[in-house]
Amino acid sequence: MSVSGDGPAGSDLRTLAIEFQGTMDPVDQLVSEVNIGAEAHTLRGRLVELARVLGRRPDLTALPGIVLRAYSEVTDALGGIQQGREAIRHVTFERLQKGHAKLSQVAHVTESATLELMNGIDRSLGLIDQLAAVVPDHPTAATAIDSLRDELNEFFGHLQFQDITAQQLAGVGGLLEDIETRVQSVVTRFDGRAVTAAVGDGKGQLTGAYNADATFDRISARQAAIDAAFTRTGAQASR
Amino acid sequence: MKCLVVDDSATMRRIVVNALKSIGMTDVVEAGDGSQALQACDPSVELVITDWNMPVMDGLGLVKALRANAATAKTPVLMVTTRSVQEDIIQAVEAGVTGYILKPFTPQILKDKISQITAVA
């Protein structure tokens, strides 16, 4: 058996350990027979057998060297695992959580901007009411004022984008949290140490109930399908 | 007609209230979730407009609770939500939802649906 090859010490160590076990068995048997006071000729026979076994195992003297090599390789591997753990921790907390915090910030800023737009529209509608009171009997002005009011009300309705995008952002935030939890469990498996947050969790604006599938797509078609299904299901339910 | 608007989003409540105002419905009370809505929903409320996804008690839970109470069992409930899969519609009908509108909606759609469900009720 060679112990000086370039292969991992682990395979050498395993082979040698099996051989060592085979050598220790006759030693153990000899000790047992000495303990029970076996006849001298029996013990002599055991000794001869042991000498033969040892003679077939010339590489046993290499065992300490192989153990040291194996220890060195295990130490190197642990260093690599530690680096991997740190890399994953970095991804978990400095990227996922920062990404989550940025989403939260976008949700917050969008909500604030939407509220400001609503306040502006409310003020504008108030001004339109004042204007309508000034020119109550002017047909052209009244028509224009009504059109302007309708436009602003429609514009107000378009601000529903904020609710839908907030739900979409919350859905992505939930996905990031799920990935973070899974990565944490992987990191913890490396050495059993719990991973603690390196940056703030930044979940503020992305909590609460939401529909991650919220979308602007095909609203008319989906509403028509819902109306049809609602009528059909309702009719069935009322039977 | 007194209307109860239920949504956890303050912006969404304002949008619904503004849409109601634009179609002449100004008697409106608001609630931030199903649980608050149950407290606000006295017999004078003639229409409930609710979101589905809300904390504490969601819209579906609210409808079930309203239907279980003799005083509100017949009150029309309009669900305004982003949810549109078939299972959701079935659940909504079975819970006792009267009408269903997808977000985003227009004031005209809201008006039409309110006319439809209050006429039936």
Being open to solvent by less than 10 Å² (accessible area, probe 1.4 Å), outside any helix (DSSP H, G or I) and either within 14 Å of another protein chain (Cβ to nearest Cβ) or of a type in the set (Asp, Glu) (or both): is that true of B:Val45 here? no
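Quick grid of which residues meet (1) within 42 Å of the chain's Cα centre (by Cα); (2) of a type in the set (D, E, K, R); (3) surrounded by fewer than 15 Cβ atoms within 10 Å (Cβ to Cβ):
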{"position": "A:Ala51", "(1), (2), (3)": "no, no, yes"}
{"position": "A:Gln83", "(1), (2), (3)": "yes, no, yes"}
{"position": "A:Glu94", "(1), (2), (3)": "yes, yes, yes"}
{"position": "A:Ala113", "(1), (2), (3)": "yes, no, yes"}
{"position": "A:Leu117", "(1), (2), (3)": "yes, no, no"}
{"position": "A:Gly126", "(1), (2), (3)": "no, no, yes"}
Of everything in the range A:53-68, what is assigned to a helix (DSSP H, G or I) and surrounded by 12 or more Cβ atoms within 10 Å (Cβ to Cβ)? Give them in sequence order. A:Val53, A:Leu54, A:Asp59, A:Leu60, A:Ala62, A:Leu63, A:Gly65, A:Ile66, A:Val67
Subset of the range B:106-121 [more than 7 Å from every other protein chain (Cβ to nearest Cβ) and either without any contact (Cβ under 8 Å) to a residue 24 or more places away in the chain or surrounded by fewer than 19 Cβ atoms within 10 Å (Cβ to Cβ) (or both)]: B:Gln108, B:Ile109, B:Lys111, B:Asp112, B:Ser115, B:Gln116, B:Ile117, B:Thr118, B:Ala119, B:Val120, B:Ala121
Number of positions in the range A:150-166 that are within 8 Å of chain B (Cβ to nearest Cβ) and in contact with a helix residue (DSSP H, G or I) (Cβ under 7 Å, 6 or more places away or on another chain): 8
Any chance the range A:147-162 includes a residue that's open to solvent by 80 Å² or more (accessible area, probe 1.4 Å), in contact (Cβ under 8 Å) with a residue 12 or more places away in the chain and of a type in the set (Phe, Trp, Tyr)? yes
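The values are calculated or read from the model by the stated rules, or taken from the named source; none is laboratory data. Keep in mind the model is a prediction, meaning the values are calculated, not measured. Note that we place each Cβ from the backbone using ideal geometry, even for glycine, and neighbour counts take in every protein chain shown. With ligands, DNA and RNA removed, areas are computed over all heavy atoms of the protein, side chains included. Shrake-Rupley method; radii C 1.70, N 1.55, O 1.52, S 1.80 Å.
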